[in-house]
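All remarks here apply to the structure that follows.
Please treat every number below as a calculation from the coordinates, not as lab data. These numbers come from a predicted model, not from an experiment. Positions of Cβ are generated from backbone atoms using ideal geometry, with glycine treated the same way; all protein chains shown enter the neighbour counts.
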Amino acid sequence: MVNVCLYFQVHQPYRIRNYTVFDIGNSSNYFNDEKNVSVLKRVAEKCYLPANRLLLELLEKHPEFKASFSFSGVVLEQLETHAPEALQSFKELAATKRVEILDETYHHSLAFIYSKKEFEEQVKLHTEKVRKLFGQKPTVFRNTELIYNNELAAFAERMGYKGILAEGADHILGWRSPNFVYKPKTSNGMRLLLKNYRLSDDIAFRFSERSWPEWPLTADKFARWVNAVNGNGNCVNLFMDYETFGEHQWAETGIFDFLRHMPAEILRHPDNSFATPSEIVKEHEPVAELDVHNLISWADVERDLSAWLGNSMQQAAIRELYRMESEVKASGDKKLLEDWRKLQTSDNFYYMCTKWFSDGDVHKYFNPYDSPYDAFMSFMNIINDIRIRIKKRKK
Amino acid sequence: MKVLMFGWEFPPQSTGGLGTACYGLTKALSSLGAEITLVLPTTEGTSSEFLKLVGANARVREIKTPMRPYMTSQQYSSRHGRSSLYGQTLFEEVSRYAEAAEQIAREESFDVIHCHDWLTYEAGIRAKKVSSKPLVVHVHATELDRTGGLSVNRHVYDIERKGMHAADAVVAVSNYTKGKITSHYGVSPEKVAVVHNAAERQEQGASYRPEQFGIKSHSKIVLFLGRITLQKGPDYFIYAAKRILELEPDTRFVIAGSGDMEEFIINKAAELGIADKVLFTGFLKGDDVKRVYRMADVYVMPSVSEPFGITALEAINSGTPVIISKNSGVSEVISHCLKVDFWDTNQLSNKIIGVLRYRELAEELQANAESEMGKVSWLNSAQKCLDVYSSLLRKV
């Protein structure tokens, strides 16, 4: 029996504008509204709307079909304002009861690493947003970019979650398979669902890669790979950005046709079925305990945090940001708190990544800056403006 | 492979990037086995271990203009009531040089002719005529770059155009320059190969001490190094300095180089009330160049049009972060730097202040650019030139 668990991440940041040293003290307008609205509308048009329509069809056609989502709070806000029809279609999906919503940090942040207090506040904000918009109370948690370790599992368990997602990284699994439920070392009731990155990335990254020997990927071929798990696994966790459909992989690549036929092909095998994360948590006993001391993520080949915190600019930027937490909160200035939180979105640090900058690759995706250095400068200039706002408030 | 090469300057008798580039390229070509005979207007004060130098004895006795392959700016000359951009003696020298080339080509044995910039094109064309060997012209700069597109000297432009069309292959120092060659000189893109310049790695060495320039040690130093001419954008540098000083009054600006806009820039600094914050070193050579790079906290190259821009690589090799004009060839080679539109003084000032204020920014820029320099080498450039030669010889 194999449960296929589809999980899609939906997130768009508030990108920062080119904020110069001359703006410090003169402007507290930090975000590139024009770019943010245009990206959101484009993604809604190319991905959210057509993919949601297709999922609704599939849910209608196959009573066994299920899926799950998590949305950052910041994308939900933006959808409410700039793409309400897309938000409406997400609500329709959630209303089928076969689409489960997971919790994450409201601001798609790295708060867990820098401030547990802020982390908890953001998760609560998120829970409230999901309740309000979708009428669901999530029981499974996914942290930003699948960042995970034992400590997070224990923390999430204390917050009442039953399950948590993580990357099925080779260096934590070793010889073990991602296709089972595990138990985090530091918790008892918590269950760990690991991404099957090979099968997930076949869709998310390799689908349109013509140099890939398996190209073109068809639904029946993919289903055969899933079937092969039967007998040596309980679940196949396919975790990916929702933007895979129509944005990372354009409609012309045939990605929507693939999605349209995939459920039927998978269900052709009598032992296959679909399940949501909370169902998998309930149905399967953990096969082993996993000890993940160092933080892992789903990013890049390293599966570590180097895309966000790998260089000294990123570390300085985030350190300065969290250093202001207590003063920002003590200021009682709601707008200031909101701005400060929007700055926490992980994308802001991702844009400062220098790892493959000279090769120009995936890190360029919707990156509004000429270079990681420009991203850092705008960010630090804003930090300096926030300092001025705090000072003014104190007076 | 025997190469008859025509150049105009060669270190230590060199006044700019052309001499530096010829040196780097010929040295690497020699190490790859090419036998080079380099013809210069005069070999006085020059020697080389890796190639044969031949003097064309083309220097005229009465030198009224500085013998430099670079022009004065129209902006400056009109301000000062000058009418002629190039001294008469320069054109005279160019034509004597070309005459001598014919004789040299008869005497030397070689497989291919390679000439550098417009001053040597006529020489190359004549050498080709008497030898029937293939001709490569190497474009380090065009008249359009030197003038910023304003007041183009028709005579120079015509020589450039003639050389490019007479050549069997054209080598451009960047895609940026290739674009100029194909769109403004009507050369077909298939005939143009891009060979980027490089810079030799250098050992860590001495730096100037800011005190030597009367600068306090806590002051941050912003460097401009290049000819003080319209092409290099010194005026944008000085306007940026004014803006920067409004926020960071302790900053000091060093302008290293000479050129026809020097007086204009000195006056402008006084007019803007920042004369005491801007220091002029005059033209620097050899180790002095390295010392001034090392002293600087950031090197700025705000060129209006920069076919390549070797100085940016030299600054990086000296451990100094760089801010360069988007209109430059070097921006195709180095990604770990800050890039600006030369005319956008606001952004230029903003980025300079960023590098001065944020330690991590300067450190990351410097470290990443230095490691990026690993893939930039004269050997790669020389190999590409050899490929160009071979393709021409196959055609013969």
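A few comments on the model shown:
- For A:ASP241, the residues whose modelled amide H falls within less than 5 Å of its own, excluding neighbours fewer than 5 places apart on the same chain, are A:GLN9.
- Bridge type composition, the protein assembly as shown - antiparallel percent by DSSP, nearest 5: 5
- For chain A, share of DSSP beta bridges that run antiparallel, in % to the nearest 5: 10
- Taking 7 Å steps out from each Cα toward its Cβ at A:HIS261 and A:LYS392 produces label points 6.0 nm apart.
- The value of relative contact order for chain A, using C-alpha pairs under 8 Å at least six residues apart, is 24 percent.
- Simple spin-label estimate for A:TRP356 and A:ARG176 gives 2.9 nm between the two label positions (7 Å along the Cα-to-Cβ direction from each Cα).
- Between 0 and 90°, nearest 10: helix A:73-82 axis offset from chain A longest Cα axis: 80
- Between region A:217-280 and region A:150-203, the Cα center-to-center distance that results, in Å: 20
- For chain B, calculated [θ]222 nm from helices alone, where every DSSP H run of n ≥ 4 adds -39500 (n - 2.57): -13000 deg cm²/dmol
- Tensor-based shape of region B:210-375 (alpha-carbon gyration tensor, a/c under 1.5 rounded, otherwise prolate or oblate): rounded
- Taking amide H atoms as placed 1.01 Å from N in the peptide plane, the amide H of A:VAL4 lies under 5 Å from those of A:VAL236, A:SER273, A:PHE274, A:ALA275, each 5 or more residues away in sequence or on another chain.
- Choice from B:GLU143, B:GLU35, B:GLU190 with maximal GNM fluctuation in chain B (Cα, 10 Å cutoff): B:GLU190
- Taking 7 Å steps out from each Cα toward its Cβ at A:GLU285 and B:GLU190 produces label points 7.4 nm apart.
- Residues whose amide H comes within less than 5 Å of that of B:ALA34, counting only those at least five positions distant or on another chain, are absent (H built at 1.01 Å from N in the peptide plane).
- The long axis of helix B:17-31 is offset from the longest Cα principal axis of chain B by roughly 60 degrees.
- Coupling constants for region A:136-149 follow from the phi torsions by the Karplus curve (6.51 cos²θ - 1.76 cosθ + 1.60, θ = phi - 60°), and in residue order they are 10, 10, x, 10, 10, 10, 10, 8, 2, 6, 6, 5, 7, 7 Hz; glycine and proline get x.
- Contact order for region A:309-394, expressed relative to its length and based on alpha carbon pairs under 8 Å spaced 6+ residues apart, stands at 38 percent.
- Remark: relative contact order (chain B) = 16 percent; criterion is Cα-Cα distance under 8 angstrom and separation of 6 or more residues.
- Residue of A:GLY310, A:GLY231, A:GLY135 that the Gaussian network model of chain A assigns the largest fluctuation, springs spanning Cα pairs under 10 Å: A:GLY231
- Phi angles of region A:107-115 translate, via the Karplus equation with coefficients 6.51, -1.76, 1.60 and θ = phi - 60°, into HN-Hα couplings of 9, 6, 10, 9, 4, 4, 6, 10, 7 Hz per residue; Gly and Pro are given as x.
- C-alpha long axis of helix B:88-107 to longest principal axis of chain B, angle in °: 40
- Near-label residues of region A:256-280 by backbone N, under 16 Å of a point 7 Å along Cα→Cβ of A:LEU54: A:256-266
- In sequence order, calculated HN-Hα J values of region B:47-54 (Karplus, 6.51, -1.76, 1.60; Hz; x Gly/Pro): 8, 8, 8, 9, 8, 8, 9, 10
- Between A:VAL229, A:VAL75, A:VAL123, the Gaussian network model of chain A with springs among Cα atoms under 10 angstrom shows the greatest mean-square fluctuation at A:VAL229.
- Cleavage-rule hits, chymotrypsin sites (Phe, Trp or Tyr not before Pro), region A:293-364, DSSP coil, Cβ neighbours within 10 Å at most 16: A:TRP356
- With semi-axes defined as the square roots of five times the eigenvalues of the C-alpha gyration tensor, the equivalent ellipsoid of chain A measures 35, 23, 20 Å, largest first.
- Cα gyration tensor shape for region A:71-119, rounded if a/c is under 1.5, else prolate or oblate: oblate
- For region A:166-252, the list of GluC sites (Glu not before Pro) that fall in a loop by DSSP and count at most 15 other C-beta atoms within 10 angstrom reads A:GLU209, A:GLU214.
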